[in-house]
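*Asks:* Take a look at this one; I'll ask things after.
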Amino acid sequence: MRYHNITHDDMLNGDGLRVVLWVAGCEHCCKGCQNPQTWDAEGGLPFDEAAKQEIFEQLDKDYISGLTFSGGDPLFPSNRVDVRKLAQEVKEKYPDKTIWLYTGYLWEQVMHYPVMQYVDVAVDGEFEQDKFDANLRWKGSSNQRVIDVQKTLKLTDPSVPVIFCEDY
């Protein structure tokens, strides 16, 4: 896995103050994307032990609510295994911290991915510039959904997601 940045004390990409890992690689290439520099899977830096330690140092802080995976797309094929491993490690080490994941894929396409057992909230769907709304919280366009992953996975039919907060 490669990444472009690790953001500290972020309050735009999930609930509370968060650390955000911006991974490299995206096949959606949405018109109007805020991070087109992250599309190239070979861009950025190799995710190494120092990057992981930087994330853990942030998560050690009581006021940090959790980790957000963004990018690029954390579920881009070359990212999936490493994102799952890191999410698992974060959940084991910090069980009270939340994990958010932004993806251009639809929930129905990714709900069975192994990483989802560690994700608390997923924001799904491609950014659609004609549906952009600056007043939306935690998402860029109105077609995207902010999904309570753990509640959804407990449903008899998890293909119908539970929305994290109806107001957004």
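*Asks:* Tally time: how many residues in the range 7-33 are surrounded by fewer than 18 Cβ atoms within 10 Å (Cβ to Cβ) and among the β-branched types (V, I, T)?
*Replies:* The number of residues fulfilling the criteria is 1.
*Asks:* Right, next: Condition first: polar (S, T, N, Q), farther than 24 Å from M1 by Cα and at pLDDT below 95. Can you find one or more residues in the range 115-130 that meet it?
*Replies:* no
*Asks:* Would you check if there is a residue in the range 16-36 being closer than 18 Å to V123 by Cα and polar (S, T, N, Q)?
*Replies:* Yes, the range 16-36 has at least one match.
*Asks:* A further question on this structure: With the checklist (1) out of contact with any Leu (no Cβ under 6 Å at 6 or more places or on another chain); (2) part of a loop (DSSP other than H, G, I, E, B); (3) under 17 Å from I6 (Cα atoms) in hand, flag the one item P74 doesn't pass.
*Replies:* All conditions pass for P74, except number (1).
*Asks:* Just one of (1) closer than 27 Å to G32 by Cα; (2) out of contact with any Asp or Glu (no Cβ under 8 Å at 6 or more places or on another chain); (3) surrounded by 14 or more Cβ atoms within 10 Å (Cβ to Cβ) trips up Y118, so point out which.
*Replies:* Only one criterion is unmet by Y118, namely (1).
*Asks:* Does any residue of the range 38-49 turn out to be hydrophobic (A, V, I, L, M, F, W, C), more than 17 Å from Y118 (Cβ to Cβ), assigned to a loop (DSSP other than H, G, I, E, B) and in contact (Cβ under 8 Å) with a residue 24 or more places away in the chain?
*Replies:* Yes, the range 38-49 contains at least one residue that is hydrophobic (A, V, I, L, M, F, W, C), more than 17 Å from Y118 (Cβ to Cβ), assigned to a loop (DSSP other than H, G, I, E, B) and in contact (Cβ under 8 Å) with a residue 24 or more places away in the chain.
*Asks:* Sort through D73, D124, D130 and tell me the only one that's surrounded by fewer than 17 Cβ atoms within 10 Å (Cβ to Cβ) and charged (D, E, K, R).
*Replies:* Going through D73, D124, D130 in turn, just one is surrounded by fewer than 17 Cβ atoms within 10 Å (Cβ to Cβ) and charged (D, E, K, R): D130.
*Asks:* Follow-up question, since we're still on this one. Can you tell me how many residues in the range 88-112 are closer than 21 Å to W39 by Cα and touching a residue at least 24 places away in the same chain (Cβ under 8 Å)?
*Replies:* Adding up the residues that qualify gives 8.
*Asks:* Looking at the range 1-23 only, could you name the residues that are touching a helix residue (DSSP H, G or I) at 6+ places or on another chain (Cβ under 9 Å) and either of a type in the set (D, E, K, R) or under 22 Å from A134 (Cβ atoms) (or both)?
*Replies:* Answer for the range 1-23, where residues must be touching a helix residue (DSSP H, G or I) at 6+ places or on another chain (Cβ under 9 Å) and either of a type in the set (D, E, K, R) or under 22 Å from A134 (Cβ atoms) (or both): D9, R18, W22.
*Asks:* Quick one: which strands (runs of 3 or more DSSP E) sit completely within the range 97-168 and have at least 3 residues that are in contact with a helix residue (DSSP H, G or I) (Cβ under 8 Å, 6 or more places away or on another chain)?
*Replies:* Counting at least 3 such residues, we get 121-124.
The values are calculated or read from the model by the stated rules, or taken from the named source; none is laboratory data. As the structure is a computational prediction, the values presented were derived from the model and not from experiment. All Cβ positions, glycine included, derive from the backbone under ideal geometry; neighbour counts span all protein chains shown.
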